[in-house]
2 protein chains.
Amino acid sequence: MNLKELSAILGLSPTTVSRALNGYPEVSEATRRRVLAEAKRQNYHPDTRAKRLATGRAMTIGHILPVSKEHEMVNPIFADFLAGAGEVYAGAGYDLSLAVVRDEDEAEAYRDLARRGTVDGVVLHGPKLDDPRIPLLRELGLPFVVHGRSTDAEGDYNWVDVDNRRAFARAARHLLDLGHRRIALINGLADMDFALRRLFGFSDALAERSLPVEDRWTAHGEMTETYGYETVRGMLEAHDPPTAFLVASIIPALGARRAIHDMGLRIGDEVSVVIHDDALSYFRNEGTPPVYTAVRSSVRKAGRLCADLLLQSIAEPNRAPDHILLEAELSLGQSSGPAPRLFRQRKSR
Amino acid sequence: MNLKELSAILGLSPTTVSRALNGYPEVSEATRRRVLAEAKRQNYHPDTRAKRLATGRAMTIGHILPVSKEHEMVNPIFADFLAGAGEVYAGAGYDLSLAVVRDEDEAEAYRDLARRGTVDGVVLHGPKLDDPRIPLLRELGLPFVVHGRSTDAEGDYNWVDVDNRRAFARAARHLLDLGHRRIALINGLADMDFALRRLFGFSDALAERSLPVEDRWTAHGEMTETYGYETVRGMLEAHDPPTAFLVASIIPALGARRAIHDMGLRIGDEVSVVIHDDALSYFRNEGTPPVYTAVRSSVRKAGRLCADLLLQSIAEPNRAPDHILLEAELSLGQSSGPAPRLFRQRKSR
DNA sequence: CACGTCATTCAAAGCGCTTTGGACGCAACG
DNA sequence: CGTTGCGTCCAAAGCGCTTTGAATGACGTG
């Protein structure tokens, strides 16, 4: 059943039927109703391919899932982000096209998307400092919104980001208020923009109390469970271990927990942990109080907001870039407590 | 730059240029070379939309990401699976279209995909017992491959699955060999096909030693960290706790670990844990020996195989359905050890 | 009553590609 | 020398939709 057949049945021209279905005003209400009724009866659904060619719009948003070369690592927050964005796309009649690409081929992948006209816009994930993808997308003329921001990237662009600096300052202050003075930051990869902002926030809070940021207590790495385990374990085994850890995601925090237990220490008592919680659906930080003290911001919500913003800027191409800055709230959980009174002694393995 | 312009530049008809570019034989080698060279020089790339309309093929594979209603839960293995499948699609010139859909709308989503012609085939995720989506897809005439299998679903269909029954029997035997007699199964949702097979495998191994499957030691649920924590904690608090846990995924196993520690018990010593490991990229079960004793099977590899199989069956529509059964290997880790000699006493909270 | 206006409808021309059904020239063949 | 066959190439007809420009008729107006 295609448009031609349907209009033949109705005794109307394809023009009128098309307009009736797409809500154009130059068709009488009576005819519109008749058309809609018949379309439903015939179970007519316009062919997407033809529609796309005729309108020149792909009605599709592109997401590029970069896979890091060394570890074949997939960003664990990706699925939840997509779940949020996907909801919005579905509601607006858009499809979501996902391209899995090796890190180093990412620029070419964007070029390809723009050229082939398969997408009307893209979401840029995991921005780095001065990210080259931003000028690239601008040059390609492809509407985009960045999940995160890119320090030093010139020019304005759409973004949705958490106030990471403020969140981490808040988290660090919480630990400082509890009396901790030896605080470690278990951060993400150093070239990620969010990691820098988190470091700044951490450092802001320490500076307020005139404390220095110690290199040995600042780790950067891909946020896996193993990374959390190894760095925390390493720090705890040193002769002057931290009493608190600020961990950039719940996943390395799980490794941190394992390390702390393996060292025979108790979380929230002998060692405090505060995390950034992306509210991943399979890692709800639940309980009363929640398992982890956390600065929380739902990545799924960020997905929804990114999608909204992108669809808007596709609808109005000349709109000025917009920004959404999300606040992360601190919620107290079981994993943080007062700094131990006595300077904790090193325990053996 | 489109085909018409390109052929004008070359002084050839669009027909010939199209054939030259698509490798048809009825064009001389000299012309083909000339066309290819000019296409590259002009940076010509055919418009995907037009190509799709003209060929009637979408050159796209659909994946439906169902979001469970109650917990807004996204399957954590999804991202890694897509990373594997996506690699294959990219290599074959296919796009990947992802639809985020509420559980209850899934059937309609498949209908929609088939009707609108946006995809050439789909991958079916998370099959349940006698899954209605299988006859539906068959009726829609949409090529598909199932990641997993569906017990009782009539008729043959493409699938890629792990031998869950064998894997769980093997895992349970390992625990039995270590002397455990009180073994709990922390399984996935009861209506998932894989969960049933795992239960069968578990039960096979117990039956070999004439042990019954105890209901109180068999849990079914959505595989979150919290689920692992709560069920394991509940079982450990009972008056006759299990000495070993067989956990269906690394994620509830993290909760299990937390519960065991909260009870003041040591993993691999006082309590053994064996997991099914999907080899998620952000949860590498690493170390020497690895953290968890596990039956392992890479979900990413499954993604690649599903994609391969699907592309094959799209290429040859009349091919008989094919099946790939993956073996999960047991790898010994730190989390399992001999059953405690003395019947362990209950410890207080 | 002639005319402009408006609402409603339609024919036809795209969108950029593929593919069918020749056309043309040349070599080989009887 | 006419025919056949082959290698190359092309014109034109789609694919199923949207959209431009025009036609038609009804209506109100001077």
Query raised in the report: Summing Lys, Arg as +1 and Asp, Glu as -1, what charge do residues with Cβ under 9 Å from the Cβ of B:GLY303 carry, B:GLY303 excluded?
Result: +1
Requested in this report: Could you give the size of the charge dipole of the stretch A:1-153 about its Cα centre, using +1 on the Cβ of each K and R and -1 on the Cβ of each D and E, expressed in debye and rounded to the nearest 20?
Outcome: 1020 debye
Report summary line: Of every hundred units of 1.4 Å-probe accessible area on the protein assembly as shown, the number belonging to carbon and sulfur atoms, as a percent, is 51 percent
Report summary line: The answer for the net charge of residues other than B:THR55 whose Cβ lies under 15 angstrom from its Cβ, with Lys and Arg +1 and Asp and Glu -1, is +4
Query raised in the report: 222 nm [θ] for chain A, helices only, -39500 (n - 2.57) per DSSP H run of 4+, per residue, to 500?
Result: -13000 deg cm²/dmol
Query - Sparse-neighbour loop sites [trypsin sites (Lys or Arg not before Pro); the stretch B:228-315; at most 14 other C-beta within 10 Å; DSSP] - result: B:ARG266
Query raised in the report: With every protein chain left in place, what is the accessible area per residue of the stretch B:186-271 in square angstrom, probe 1.4 Å?
Result: 32 Å²
Requested in this report: Assign one of three labels to chain A, namely rounded, prolate or oblate, based on the Cα gyration tensor with a ≥ b ≥ c the square roots of its eigenvalues; rounded applies when a/c is under 1.5, prolate when it is not and a/b is larger than b/c, and oblate otherwise.
Outcome: prolate
Query raised in the report: How big is the A-B contact in terms of buried accessible area, both chains counted, 1.4 Å probe, rounded to the nearest 100 Å²?
Result: 4700 Å²
Report summary line: A:ARG266 and B:GLN42 label points (each 7 Å along its Cα→Cβ direction) are spaced in nm at 7.6 nm
Query - Residues in the stretch B:250-265 occluded by at least 30 Å² - accessible area, probe radius 1.4 Å, against chain by itself - result: B:LEU254, B:ARG257, B:ARG258, B:HIS261
Query raised in the report: If you put a point 7 Å past Cα along the Cβ direction, how far is that point for A:ARG341 from the same point in each other copy, in nm, smallest first?
Result: 3.9
Report summary line: Sorted by chain and number, the residues with a modelled amide H under 5 Å from that of B:VAL146, at a separation of 5 or more or across chains, are B:LEU124, B:ASN158, B:TRP159, B:VAL160
Requested in this report: Amide H neighbours of B:PHE245 under 5 Å, at least 5 residues apart or on other chains, H built in the peptide plane: list them.
Outcome: B:ALA184, B:SER272, B:VAL273, B:VAL274
Report summary line: In debye to the nearest 20, the charge dipole size for the protein assembly as shown, taken about the Cα centre with +1 at each Lys and Arg Cβ and -1 at each Asp and Glu Cβ, equals 140 debye
Query raised in the report: Using a 1.4 Å probe, what is the accessible area per residue for the stretch A:3-46, in Å²?
Result: 64 Å²
Query raised in the report: With labels modelled as points extended 7 Å from the Cα through the Cβ direction, what inter-label distance (nm, one decimal) is found for B:ASP152 paired with A:LEU326?
Result: 4.0 nm
Query raised in the report: Given H placed 1.01 Å from N in the peptide plane, which residues other than close sequence neighbours of B:TYR282 have an amide H under 5 Å from its amide H?
Result: A:VAL74
Query - Nm distances between copies for B:GLY287, ranked from closest, using label points 7 Å along Cα→Cβ - result: 2.0
Query raised in the report: What percent do you get for the relative contact order of the stretch B:3-46 when only Cα pairs under 8 Å and 6+ apart count?
Result: 38 percent
**Report entry** Residue mean of other protein chain beta carbons inside 10 Å, B:71-81
**Finding:** 6
Query raised in the report: Going from most exposed to least, what order do B:GLU104, B:GLU237 have by accessible area with a 1.4 Å probe?
Result: B:GLU104, B:GLU237
Query raised in the report: Other chains' Cβ within 10 Å of A:93-100 residues: what's the mean?
Result: 6
Query raised in the report: Could you give the distance between the Cα centres of the stretch A:160-204 and the stretch B:78-135, to the whole Å?
Result: 39 Å
Requested in this report: Heads up, I need the accessible area for B:ASP103: 1.4 angstrom probe, whole protein in place, Å², nearest 10.
Outcome: 70 Å²
Requested in this report: Between A:LEU36, A:LEU65, A:LEU185, find the one with the highest GNM mean-square fluctuation for chain A; connect C-alpha pairs within less than 10 Å.
Outcome: A:LEU36
Query raised in the report: With point charges of +1 on the Cβ of Lys and Arg and -1 on the Cβ of Asp and Glu, referenced to the Cα centre of the protein assembly as shown, which listed residue (B:PHE245, A:VAL145, B:HIS276) lies farthest in the positive direction of the dipole?
Result: B:PHE245
Requested in this report: Return the residues of the stretch B:275-290 for which accessible area with all protein chains present is lower than in the chain on its own by 20 Å² or more; set the probe to 1.4 Å and exclude ligands, DNA and RNA.
Outcome: B:SER281, B:TYR282, B:PHE283, B:ARG284, B:GLU286
Report task. Note the angle between two axes, namely the Cα long axis of helix A:164-177 and the longest principal axis of the Cα atoms of chain A, as a number of degrees from 0 to 90, rounded to the nearest 10. Result -> 30 degrees
**Report entry** Qualifying chymotrypsin sites (Phe, Trp or Tyr not before Pro) in the stretch A:264-349, DSSP loop, other Cβ atoms within 10 Å at most 14
**Finding:** A:PHE343
Report task. Considering the options A:THR15, A:LEU36, A:LEU3, tell which one lies farthest towards the positive end of the dipole of the stretch A:3-46, charges being +1 on Lys and Arg and -1 on Asp and Glu at the Cβ, about the Cα centre. Result -> A:LEU36
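Would you rank B:HIS71, A:HIS239 by solvent-accessible area, highest first, keeping every protein chain in place and using a 1.4 Å probe? Mind showing how you got there, number by number?
Values: B:HIS71 90, A:HIS239 150 Å².
Solvent-accessible surface, decreasing: A:HIS239, B:HIS71.
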Query raised in the report: How many lysine pairs are close in the protein assembly as shown, with Cα atoms under 22 Å apart and the two 8 or more places apart or on different chains?
Result: 15
Report task. State, to one decimal in nm and shortest first, how far the label point of A:ILE324 sits from each corresponding label point in the other identical copies (label point: 7 angstrom along Cα-to-Cβ). Result -> 3.8
Query raised in the report: Which trypsin sites (Lys or Arg not before Pro) does the stretch A:1-91 hold that lie in a coil by DSSP with at most 12 other beta carbons within 10 Å?
Result: A:LYS69
**Report entry** Integer Hz, Karplus 6.51/-1.76/1.60 couplings in order for the stretch A:116-131, x for Gly and Pro
**Finding:** 6, x, 8, 9, 9, x, 9, 9, 9, 9, x, x, 9, 4, 6, 5
**Report entry** Solvent-accessible area of B:TYR229 with every protein chain in place, 1.4 Å probe, in Å² to the nearest 10
**Finding:** 40 Å²
Query raised in the report: Would you list A:PHE194, B:PHE78 from the most to the least accessible area, probe 1.4 Å?
Result: A:PHE194, B:PHE78
Query raised in the report: So for the pair B:VAL213, B:LYS301, with labels modelled 7 Å out along Cα→Cβ, what separation do we get in nm?
Result: 2.7 nm
Query raised in the report: Just counting partner chain Cβ atoms within 10 Å, what average do the residues of peptide B:82-88 show around their Cβ?
Result: 5
Requested in this report: Could you pull the accessible area for A:ILE314 with a 1.4 Å probe, rounded to 10 Å²?
Outcome: 30 Å²
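The values are calculated or read from the model by the stated rules, or taken from the named source; none is laboratory data. Just so it is clear, the model here is predicted, and its values are computed rather than measured. A quick note on method: Cβ atoms are made from the backbone with ideal geometry, for glycine too, and the neighbour counts reach across all protein chains shown. These area figures cover heavy atoms from the full protein model, side chains too; ligands, DNA and RNA do not enter into them. Shrake-Rupley method; radii C 1.70, N 1.55, O 1.52, S 1.80 Å.
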